[in-house]
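Notes for the one structure printed next.
The values are calculated or read from the model by the stated rules, or taken from the named source; none is laboratory data. Every value quoted in this text rests on a predicted model; they were computed, and no experiment measured them. Reconstructed Cβ throughout: ideal geometry from the backbone, glycine too, with neighbour counts over all protein chains shown.
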Amino acid sequence: MSQIQTPQAIRGTQDIFGADAEAFAFVVETFERVRKLYRFRRAEMPVFEKTAVFSRSLGETTDVVSKEMYSFEDRGGESLTLRPEFTAGLARAYLTNGWQQYAPVKVVTHGPLFRYERPQKGRYRQFHQLDAEVIGAAEPQADVELLVMADQLLKELGIADGVTLQLNTLGDAESREAWRTALIGYFRAVKGELSEDSQERLEKNPLRILDSKDPRDKVFVADAPKIDAFLGAEAQDFFGKVTAGLDAAGVTWTRAPALVRGLDYYRHTAFEFVTDRLGAQGTVLGGGRYDGLIETLGGPHTPAVGWAAGVERLAMLVGDLPHSWPEICIVAESREREIDALALTAEYRRAGFIAELFASGSPRKRFDKAQKSQPQVIISLDQRDGHKGNAFKCDRALYERFADAQSIFHGFVDR
């Protein structure tokens, strides 16, 4: 008889449990709390879309589309793709659901994404992101608000130390096109010495060469033309308002002239929050303004800006959280009181207390087990010689704080 082989997790996926799951939940809960402070609406998005949503918005030549997407044909013969990012799906929803009536739409979402890439520290084939977007706002104030919210999120997660906001401008359409032309001319002169990827990108997407990690490219990137030489007055004014807004809000930033977004629909602000605490892949949150995206999906010109952050990477920076101890332990020290203990525990939980029930195993050991949980209050229910015995054991310093808990207890005893 052959032995059944235990199935293994798929490479690039993970089962999140224990301390890791607590850190993951803390990141998501903090994001939900912060987004409410800024009055961003919540959206839930489909896990898959028509493949064209991503191939149009991300560009057929990007690595995500050509190498990393999980695409498949459904039973109706239509090509579908598991979402590799959120922005394209939100842009599609903006068009198909008539969200234009709410413009500018401040919206957030979070959940799993899928990319077939080489797994590495903090990166998985199924991973999770937080995402925040402002769709339909052309003013630099929208960029500022998103960046201030991101900064506050990192601070409230307790991971802002050692994280730097790197900021750049890509200019408006005219500035960017002039810069792009200059980059093509510059890199053509050294094409044979560039990496194979950069040689392929040179004519179609030269900005991506600036972001190359290949040493062969880095030699030439330092002296490549800079965007500042091509910025028109309006583009300079836009970037000046973004930096002035960040200064006014107390958000520290540093200029990163090599920071780019390769796709043509990106304009103006580009940014990343980076750290050296995660190895070479140091970006924990990044984004930019994408004023031309919705046009690629067949919609009207719609300015927009947004950012995304990896939940796993943020959780790694958060680290282990303090253990969650129960506030109240209810102990049934005899089998006759187990139903009473269960009823009292339910009452405490409905009142909002973190309560733990000890009503299984040896009755003699239950109180000792409850003490090991280090609760702030222990309630003992006992029965000796036919008489009920009840005890509410609480430190004097906690008496006032647990006044409601004592009231529930005495009401229960008096029944």
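Worth a mention:
- Just one of the listed residues (Y116, Y94, Y124) is of a type outside the set (A, V, I, L, M) and at pLDDT 95 or above, namely Y94.
- Residue match in region 273-283 (condition: under 19 Å from G171 (Cβ atoms), surrounded by fewer than 19 Cβ atoms within 10 Å (Cβ to Cβ), in the same structural domain as D131 (by TED's automatic domain parsing) and of a type in the set (S, T, N, Q)): no
- Any chance G185 is more than 30 Å from G319 (Cα to Cα), of a type in the set (G, A, S) and either modelled with pLDDT of 90 or more or part of a helix (DSSP H, G or I) (or both): yes
- Among the conditions (1) farther than 24 Å from V274 by Cβ; (2) surrounded by 21 or more Cβ atoms within 10 Å (Cβ to Cβ); (3) at pLDDT 95 or above, the only one that V134 does not satisfy is (1).
- Qualifying residue in region 218-235 (condition: surrounded by fewer than 17 Cβ atoms within 10 Å (Cβ to Cβ), in contact with a strand residue (DSSP E or B) (Cβ under 9 Å, 6 or more places away or on another chain) and charged (D, E, K, R)): yes
- Unique residue being in contact (Cβ under 8 Å) with a residue 24 or more places away in the chain, at negative phi and touching a Leu at 6+ places or on another chain (Cβ under 8 Å) when the list is E333, E295, E327, E312: E333
- Scope region 1-47; condition of a type in the set (F, W, Y) and touching a helix residue (DSSP H, G or I) at 6+ places or on another chain (Cβ under 9 Å); matching residues: F24, F26, F31, Y38, F40
- Just one residue in the set R277, R267, R255, R261 is of a type in the set (D, E, K, R) and under 10 Å from L167 (Cα atoms); that residue is R255.
- Scanning region 72-99 for residues that are without any contact (Cβ under 8 Å) to a residue 40 or more places away in the chain and either within 24 Å of L37 (Cα to Cα) or of a type in the set (S, T, Y) (or both) yields S79, T81, T96, W99.
- Residue check for G240: at negative phi and surrounded by fewer than 14 Cβ atoms within 10 Å (Cβ to Cβ): yes
- All positions within region 137-165 that are assigned to a helix (DSSP H, G or I), among the acidic types (D, E) and surrounded by fewer than 20 Cβ atoms within 10 Å (Cβ to Cβ): E156
- Verdict on E49 being at pLDDT 90 or above, closer than 24 Å to R125 by Cβ and not in a strand (DSSP E or B): no
- I159 meets each of the listed conditions (1) within 20 Å of Y266 (Cβ to Cβ); (2) β-branched (V, I, T); (3) in contact (Cβ under 8 Å) with a residue 40 or more places away in the chain apart from (1).
- Residue ID - nearest to A43 (Cα to Cα), chosen from residues in region 7-31 that are under 15 Å from the mean Cα position of the chain (by Cα) and of a type in the set (F, W, Y): F31
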